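Presented below is the structure to which this report refers.
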Amino acid sequence: MSEACPVGADELWPLEARVQHTLRTDDASALTVLGYGEISSVLLLEGAAGRFAAKRLPRFDGAERVARFSLLLDEYLAALRAAAVTPVESWLVDLPQGDGTRIVYIVQPLLDPAGLAPKRLHALAERPAGDAEVARCIDAIVAATVRCVSGTVGLDAQLSNWVFVGEELKYLDVTTPLLNDEHGTTRLDTDLFLASLPALLRWPVKRFVLPDILARYHDRRRALRDLVANLHKERLAARVPELLARCNRDLPGAPLTEAECRKDYQSDASTWALLQTLRRWDRSWQRQVRRRVYPFLLPGSIER
Ligand SMILES: Nc1ncnc2c1ncn2[C@@H]1O[C@H](COP(=O)(O)OP(=O)(O)OP(=O)(O)O)[C@@H](O)[C@H]1O
Ligand SMILES: [Mg+2]
């Protein structure tokens, strides 16, 4: 990664202590959550060098696994740059635990919320169809997606993963480095992320659900369909026709339609909703029956 991480591990330990407190007590008052993704939670970190976003990953079982993930992350950031997609500056910090496991955070500069793509488009909500500024935002995201997505490099094009820093578009969701090998097999350590599911379900999800979830990030049409469909979740459905028209300029074959995107959205939303429900059940089981601390911060109900 480019420059040295501006946040030391000594600054992340207190944040992790607050996370552990929240996991033990369910009292989240000591944490500022910037966003819950489907997998990681994004927390505010006030550091000596400024304010940062700290993205907490699932627990790693040892240093070697962290090293492999770190290399893949570096390679992913380089692959994005090679496709002229600028990732938000990102650093990996790991916190060795007493039992040999590692807690890993991806640290990024705290972004101005007004630049986040959903916010930016909401701020332009009153602009009529065809407005130049709206078109510029949409064009930047679609063009970056088309440049980057391939059989080997993947990207989640949804609006919530993009930010405008000044006029420059950047990609912020780098916690799951989406790289495939030459056979189209993911190089991501998927077991790490599957660990956030109830044990009984990990194998079936890995076998039957995950390949399709990952494939959509490596296929231009599907990545763009996801971006269009996601406007519903962002309450920006009025922009669907403009976005569709822009996507179709770069898609060969039959034009993408609103109906196709909506269908995709409904199936995607129900997959994620089901996974979240299962995680909440698992949390209750772990806490009430096994008397264990459930190790993940889960979002409350997500409006889809
Ligand atoms: N550097 C940042 N500064 C401010 N807010 C951020 C930053 N990074 C992320 N966020 C907020 O948190 C949300 C989720 O972030 P991100 O996409 O990285 O995580 P994610 O969706 O959980 O990723 P995944 O699902 O792949 O684990 C973003 O949409 C944004 O609102
Ligand atoms: Mg995201």
Practice task
Answer yes if at least one residue in the range 150-161 is in contact with a strand residue (DSSP E or B) (Cβ under 7 Å, 6 or more places away or on another chain), within 13 Å of ligand 1 (Cβ to nearest atom) and part of a strand (DSSP E or B), and no otherwise.
Solution key: no
Exercise for the section: Go through the range 258-294 residue by residue and tally those that are assigned to a helix (DSSP H, G or I), touching a Lys or Arg at 6+ places or on another chain (Cβ under 7 Å) and within 22 Å of Arg59 (Cα to Cα). Expected result: 1
Practice task
With respect to Leu45, determine if the residue is within 15 Å of ligand 1 (Cβ to nearest atom) and in contact (Cβ under 8 Å) with a residue 24 or more places away in the chain.
Solution key: yes
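Results for (1) buried (at least 19 other Cβ atoms within 10 Å of the Cβ); (2) more than 16 Å from ligand 2 (Cβ to nearest atom), shown as yes or no for each residue.
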site	(1), (2)
Thr185	no, yes
Leu188	yes, no
Leu200	no, yes
Val228	yes, yes
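Quick check: is even one residue across the range 120-133 in a loop (DSSP other than H, G, I, E, B), under 19 Å from Val240 (Cα atoms) and within 14 Å of ligand 2 (Cβ to nearest atom)? Show your work before the answer.
To start, the set of residues in the range 120-133 that are in a loop (DSSP other than H, G, I, E, B) comprises 124-131.
Next cut, under 19 Å from Val240 (Cα atoms) only: 124-131.
Right, trim to within 14 Å of ligand 2 (Cβ to nearest atom) and you get none.
No, there is no match, as no residue in the range 120-133 is in a loop (DSSP other than H, G, I, E, B), under 19 Å from Val240 (Cα atoms) and within 14 Å of ligand 2 (Cβ to nearest atom).
Conditions (1) in contact with a strand residue (DSSP E or B) (Cβ under 8 Å, 6 or more places away or on another chain); (2) without any contact (Cβ under 8 Å) to a residue 12 or more places away in the chain; (3) among the β-branched types (Val, Ile, Thr); (4) not assigned by TED's automatic domain parsing to the domain that holds Val153, marked per residue:
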| residue | (1), (2), (3), (4) |
| --- | --- |
| Asp226 | no, no, no, no |
| Arg239 | no, no, no, no |
| Lys263 | no, yes, no, no |
| Pro299 | yes, no, no, yes |
Practice task
Could you pull out the residue among Leu80, Leu34 that is out of contact with any helix residue (DSSP H, G or I) (no Cβ under 6 Å at 6 or more places or on another chain), within 16 Å of ligand 2 (Cβ to nearest atom) and either not in a strand (DSSP E or B) or not aliphatic (A, V, I, L, M) (or both)?
Solution key: Leu80
Problem - Filtered residue count, the range 168-204, keeping only those that are assigned to a loop (DSSP other than H, G, I, E, B) and either on the phi > 0 side of the Ramachandran plot or touching a residue at least 40 places away in the same chain (Cβ under 8 Å) (or both) - result: 15
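The values are calculated or read from the model by the stated rules, or taken from the named source; none is laboratory data. Owing to the predicted nature of the structure, the values given are computational and were not obtained by experimental measurement. Neighbour counts are summed over all protein chains in view; Cβ atoms, including those assigned to glycine, are modelled from backbone coordinates with ideal geometry.
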